[in-house]
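Everything below concerns the one structure shown next.
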Amino acid sequence: MRIDVVSLFPEFVEQMAGHGVVGRAVERGLLSVHGWNPRDHAEGSYRRVDDRPFGGGPGMVMMVDPLRACLAAVRAADPVPAHVVYLSPQGRRLDQARVRALAGRERLVLLCGRYEGIDERLVAAEVDEEISIGDYVLSGGELPAAVLVDAVARLQEGALNDAESAAQDSFESGPDGQRLLDCPHYTRPVEHALGKVPEVLLSGNHAAIARWRRQQALGRTWLRRPDLVDPEALSRTDRALLEEFLDQAAGAGDSGGKTPL
């Protein structure tokens, strides 16, 4: 997979691509990340890329021509057709399903805005999709671009040392279509001043461990992200697990104030 990032600070995303899972994917030839600066395609001695907005108001707007010339150079750098994503607060909110769909593409171009954003004519003519990483405003699209690069990189086959790791992540759909948060995890030592590892995880009983993890995932999702759980779609087994979890949480005074099933 190839990802091109158009940004006034291309070194930011390129540097990020040298570390962690993304860096490993690059080293293994599964992914390449390339930065492009629209200022390199601007005219005049000042290489200007922005101007005042028509109609008045604060801030500056990124101009059409430098960005359009930069995108033309990006497209010409590789014959594979590019899917252009504009990182914008007005875009569709990014979720794991969209990440998985984007991770299956051969090539992405991530367009990072600055200031008050990008001239809408460029967006209408060149952008295939707008994506937001949340309902808040950042100074530019570089951080959202880094988030998206990381999210798609870890889904490239061979990027993770354990292929099961991605399948067990929060928000990944299981065979039943439920998108649950991950269960709690523990490591050494077994006993600590902050508490002890749950006995079931030390039992060696794989069926019991799987049941506990499923129940914890169901319960955590119900308490923390109830919008992800459709009670009517739960299997009889999952419903029983969740009811047991909620009974235990209520007994411990940790029901989170959520309405029982």
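Overview of values
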quantity: Any pair with Cβ under 8 angstrom, 6 or more apart, that starts in the range 129-154 at a residue that is in contact (Cβ under 8 Å) with a residue 40 or more places away in the chain and of a type in the set (D, E, K, R) and ends at one that is surrounded by 22 or more Cβ atoms within 10 Å (Cβ to Cβ) and assigned to a loop (DSSP other than H, G, I, E, B); calculated: 142/7
quantity: Where a residue in the range 203-219 is within 16 Å of residue 180 (Cβ to Cβ) and in the same structural domain as residue 247 (by TED's automatic domain parsing) and its partner, wherever it lies, is surrounded by fewer than 17 Cβ atoms within 10 Å (Cβ to Cβ) and acidic (Asp, Glu), with Cβ under 8 Å and at least six apart; calculated: 215/244; 217/182
quantity: Enumeration of residues in the range 55-103 that are within 14 Å of the chain's Cα centre (by Cα), aliphatic (A, V, I, L, M) and over 16 Å from residue 35 (Cβ atoms); calculated: 94, 97, 99, 101, 102, 103
quantity: Residue ID - surrounded by the most Cβ atoms within 10 Å (Cβ to Cβ), chosen from residues in the range 38-68 that are under 16 Å from residue 120 (Cα atoms) and free of Cβ contacts under 8 Å to residues at least 40 places away in the same chain; calculated: 66
quantity: Some residue of the range 39-54 being closer than 15 Å to residue 113 by Cβ and under 28 Å from the mean Cα position of the chain (by Cα); calculated: yes
quantity: Pair list, Cβ under 8 Å, 6 or more apart: the range 70-84 residue without any contact (Cβ under 8 Å) to a residue 60 or more places away in the chain, other residue acidic (Asp, Glu) and in a helix (DSSP H, G or I); calculated: 84/126
quantity: Check on residue 75, closer than 24 Å to residue 103 by Cβ, in contact with a Pro (Cβ under 9 Å, 6 or more places away or on another chain) and charged (D, E, K, R); calculated: yes
quantity: When residues of the range 13-24 are limited to those that are crowded, with 18+ Cβ neighbours inside 10 Å and closer than 20 Å to residue 80 by Cβ, the one modelled with the lowest pLDDT; calculated: 13
quantity: The range 134-180, subset assigned to a helix (DSSP H, G or I) and at pLDDT below 80, residue farthest from residue 59 (Cα to Cα); calculated: 164
quantity: Condition met for residue 10 (within 18 Å of residue 67 (Cα to Cα) and surrounded by fewer than 16 Cβ atoms within 10 Å (Cβ to Cβ)); calculated: no
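The values are calculated or read from the model by the stated rules, or taken from the named source; none is laboratory data. Remember, predicted model here, so these are calculated numbers, not experimental data. Neighbour counts are summed over all protein chains in view; Cβ atoms, including those assigned to glycine, are modelled from backbone coordinates with ideal geometry.
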